[in-house]
Amino acid sequence: MTSLKIKKRLVPVVIYTATHRIEGFYHAYDNGHRLLDDLNEQERDFIPLTEVRITKLGHIDGDVVVAKFLALNRQTITLFFPNPKVVSQEEQDERSRSAEPSPKVRPRFVESAIVPGLLLGTT
């Protein structure tokens, strides 16, 4: 039996609506299109987000709502951009494949100028 599952990629995003800031993972189609093209697809009114953190704008108390899944109406979005603070799993995998093994850094120790006999670690 063939799989009917559509291949998607998780993109860490930050989204602003008129009242909320939302961080999470956007499920973009893995078809080579730009993120904007995927978001502007006319066939759907709601976009899927997972591992979501929602904060209300303008509130100092900083209450955060956490949800595993959120379907967000596209019409409510005012800003939408990839989260620069979060590295996607694809980027982590790529970095680990291309990274050369880092040389082991041996810690060095120096004697404290204040407490004789006390060794302080440095790099």
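Would you mind calculating the gained length between THR76 and LYS8 on full extension (0.36 nm times residue separation, minus the Cα-Cα distance), in nm to one decimal? Write out the running numbers ahead of the final one.
Details: separation 68, 0.36 × 68 = 24.48 nm, distance 2.29 nm.
Length difference between fully extended and current span is 22.2 nm.
For the pair THR50/ASP37, report the inter-label distance in nm, with labels modelled 7 Å from Cα in the Cβ direction.
Using points 7 Å along Cα→Cβ, the separation is 2.4 nm.
For a label point 7 Å from the Cα of LEU57 along Cα→C-beta, name the residues of the stretch 4-18 whose backbone N is under 12 Å from it.
15-18
No value in this document is a laboratory result; all are computed from the given coordinates. Because the structure is predicted, anything quoted here is derived from the model rather than measured. Positions of Cβ are backbone-derived with ideal geometry, glycine not excepted, and every protein chain shown enters the neighbour counts.
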